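The structure appears below as structure tokens.
Every read-out reported here was derived from the displayed coordinates using simple, explicitly stated rules and does not represent laboratory data. The model shown is predicted, which means the values in this text are computed figures rather than measured ones. We place every Cβ from the backbone using ideal geometry, glycine too, and count neighbours over all the protein chains shown.
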Amino acid sequence: MERLILGTAGHIDHGKTTLVRALTGTDTDRLPEEKRRGITVDIGFAALDLPDGTHFGVVDVPGHEAFVRNMLAGASGVDVALLVVAADEGVMPQTREHLAILALLDVRALVVALTKTDLVDAEWLELATEDVRTLLEATPWPDAPIIPVAGTTGAGLDELRDALAASAHGSRERRRDDLFRMPIDRVFTVHGTGTIVTGTAWSGTVQRDVHLRLLPADRNVRVRGVQSHGTASEIAGAGERTALALAGLERSDVARGDVLVQGDAWRAANILTVLLTLLPDAPRALEPGDRVRAHLGTDEAMARVTLMGNPRIAPGETLWAQLRLERALVARARDRVVVRSDSPVVTIGGGVVAEPGAPRRGRLADDDAGRLRDVITGAAEAAIMACAGLHPWQGAERAALPITTGLPPRDVEAALPAMTDVAVSTTRVFTRAAVLDAAARIEGAVDAWHREHPLEPGCERDILRRALPARAHPELLHAAIDELTQRGVLSVSGALYARAGWVPEVSTGHQALLDALRRV
């Protein structure tokens, strides 16, 4: 059985929740405010089993503009989007904004449900269909199926189910052999069980009694129970709605936006380097220092934009930028981030994370721009090489490569042995160019030492270390020394290093001085 996440999208009062109830039998409006006002305020959840065996965990999101932040929390992790457009109203502002958000999140598959068709005649229905088709032309889904339905009568539901089943084949592949990560979208307590968190598993698998890390608090937690798509399970994984009972955690210790991860290399990041796209209909250009809201997973944080040498980014443009966050977010390379303006609060763009936990960058060199693009688009070899090349003196932390490349550990480890243009040390990966540069500097330092100290058999390691920049990682020094010794350039005797074949001797100048002293 294929398990995927189906997320609704669309303008307020276009019938998203009614349609989900008609498809699944579940009323996703669970809050008293939602019952009282008759609108969806927060994300709701249901399960949908299709005749072909596809199982969707359904995430129903609010359509009101005041609750777009909740929509973003629900839309993260969606495999297939169900865009709901009411036939009697057609395309509306939140239709456009939700569609833009889905594109920024790189949702690969989309189905349109044209609802409330029982309220319009055939001619109006044709006009509404054309309205939607025109909207889709400039999106990643120009040929998405448009299915007329009526949630109150059930008309068109079978055709909609068939379209959803077909769309599942065009959705993004999620890797179960990856590190587990689950952004949390709901927290509650159950008497006798304790604290429960739910979310969409973005990658990897989780099972009972394993230990995970809760970020950004960086707490170690134990999983005492697992549910997948509402059913108790021994294991849950990528692409599944997942509920986890956590031992030793109070309800107040965790909140929406927190992330559960597997592995020690994850960090909450204060700076993200992103390939940022400003939507064509953004109200104005972005300039350095502008304050924006950055949404990633189920979390959000205010951020200042820096454009690394560019004076501005105009609507419709794509440039490298940094988001300097006022509160750390948990990020991985290749993640999607959505950016909304501070005032008025509207979606203005988004991007792809290339450097989670990035250093502050000023003007971006062309070579580094190419490396950043390799990180987000390249195969494992290119992404690893790029990560090492972005910080040549420090190299890339080997254990963190699945985070900094955005690729599963298996892919990273499979690529490394065949890569001849990198040097792998104990905990780091350096480019061969960096090792050769360091080796040349060390070779020059040793020769200079011999010229200045001709009677000495060799120099200490500290002389070699000082030949490299202070920021150079200690393992680069070791790699460069290994390079020189393997090439027969450097010899090591105890704690002393010398050019191979070096024999201490008196220089011509010193010999003349000695001869003069003997004659006195």
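Summary of values
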{"item": "Dipole of region 3-170, positive end: most advanced residue of LEU102, ALA87, VAL112 [Cβ charges, Cα centre]", "result": "LEU102"}
{"item": "GluC sites (Glu not before Pro) within region 95-148, DSSP loop, no more than 12 other Cβ atoms inside 10 Å", "result": "GLU137"}
{"item": "Per residue, the convex hull volume that the Cα atoms of region 146-188 enclose (Å³)", "result": "148 Å³"}
{"item": "Whole-Hz ³J(HN,Hα) from phi, Karplus 6.51 cos²θ - 1.76 cosθ + 1.60, for region 233-248, glycine and proline x", "result": "8, 7, 8, 9, x, 3, x, 10, 5, 10, 10, 10, 8, 10, 7, x"}
{"item": "Mean projected area (nm²) of the alpha-carbon convex hull when region 367-414 is viewed from all directions", "result": "2.9 nm²"}
{"item": "In order through region 72-83: 3J(HN,Hα) via Karplus (6.51 cos²θ - 1.76 cosθ + 1.60), integer Hz, x for Gly, Pro", "result": "4, 4, x, 6, 5, x, 6, 8, 10, 9, 10, 7"}
{"item": "Distant-in-sequence amide H partners of ALA86 (H built 1.01 Å from N, under 5 Å)", "result": "THR115"}
{"item": "Per-residue HN-Hα couplings for region 105-119 [Karplus 6.51, -1.76, 1.60; θ = phi - 60°; Hz; x = Gly/Pro]", "result": "7, 6, 5, 7, 10, 9, 10, 9, 9, 8, 8, 6, 5, 6, 9"}
{"item": "Inter-centroid distance (Cα atoms) of region 323-401 relative to region 419-470, Å", "result": "30 Å"}
{"item": "The chain, dipole about Cα centre (Lys/Arg Cβ +1, Asp/Glu Cβ -1), debye to the nearest 20", "result": "1960 debye"}
{"item": "Difference of contour (0.36 nm per residue) and Cα-Cα distance, ALA365 to SER493", "result": "41.9 nm"}
{"item": "Stretchable slack from ALA379 to ALA247, in nm (0.36 nm times residue separation minus alpha-carbon distance)", "result": "43.7 nm"}
{"item": "Other-chain or far-sequence residues with amide H under 5 Å of LEU279's (modelled H)", "result": "GLY316, GLY349, GLY350"}
{"item": "More than 23 Å apart - percent of Cα-Cα pairs taken over region 265-391", "result": "25 percent"}
{"item": "Per-pair calculated FRET efficiency, R0 = 56 Å: ARG172 and ARG451 via Cβ, rounded to 0.05", "result": "0.35"}
{"item": "Whole-number percent relative contact order across the chain, with pairs defined as alpha carbons under 8 Å at least 6 apart", "result": "9 percent"}
{"item": "Exposure proxy order (Cβ contacts within 10 Å, fewest to most) of LEU215, LEU436, LEU160", "result": "LEU436, LEU215, LEU160"}
{"item": "Pair LEU436, HIS478: separation of 7 Å Cα→Cβ label points (nm)", "result": "2.4 nm"}
